[in-house]
Structures are given as C-alpha cells and as structure tokens.
Amino acid sequence: MSTTTLQLKAKPGSSRSALVQEADGSWTAWLKSPPVDGKANAELIALVAKHFGVAKSAVDIHSGGGSRFKRVKVETRD
C-alpha cells in the first residue's frame, strides 16, 4: 500500500459534487453539502474515496478539517 497526499480547496454549498485536479497539481472539491456538522467533510471523504476507488476508511482529512484548504491522505493499493 502507498499513501497519496492531496492538497485541496473545498467549496461547500456548490450546485454540483465534483473533484478536479488543477494544472498546478492541487485539487478542487465542489461539495453540495453545507459546511455544518461535518456534512461537507463527510461528502469530501466519500468523493475522494470514489475517485480513487478505495474504501472511505482509507481516506483521512489530515489537516484543515475546519478550513476550506485541506490536506487529505489516501491509502491506495499498488
């Protein structure tokens, strides 16, 4: 297994749910959920897990849980 770390900007309350890699290597996550009671973070974990084809338990918000700018770690299989 290997660990991938993503630098991303979350945009909660968006009209769509999407995860896109930008040209500079960072990621942008558009989230439909509002940033209330951890709903946006839960949607972010599910979105990242789906994108990388891993279980939600393999995704961890390493830093920035209360911020728009987050560092997310993903445990992937090689």
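Values computed for the structure shown
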| item | result |
| --- | --- |
| Unique residue being assigned to a strand (DSSP E or B) and free of Cβ contacts under 8 Å to residues at least 12 places away in the same chain when the list is V36, V72, V20 | V20 |
| Of residues in the stretch 25-67 being closer than 24 Å to S2 by Cβ and of a type in the set (V, I, T), the one surrounded by the fewest Cβ atoms within 10 Å (Cβ to Cβ) | T28 |
| S17 of a type in the set (S, T, N, Q), in contact with a Pro (Cβ under 8 Å, 6 or more places away or on another chain) and surrounded by 12 or more Cβ atoms within 10 Å (Cβ to Cβ) | no |
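Read-outs: derived from the displayed coordinates by stated rules, not from any lab. Since the model is a prediction, treat every value here as computed from it, not as a measurement. Neighbour counts are summed over all protein chains in view; Cβ atoms, including those assigned to glycine, are modelled from backbone coordinates with ideal geometry.
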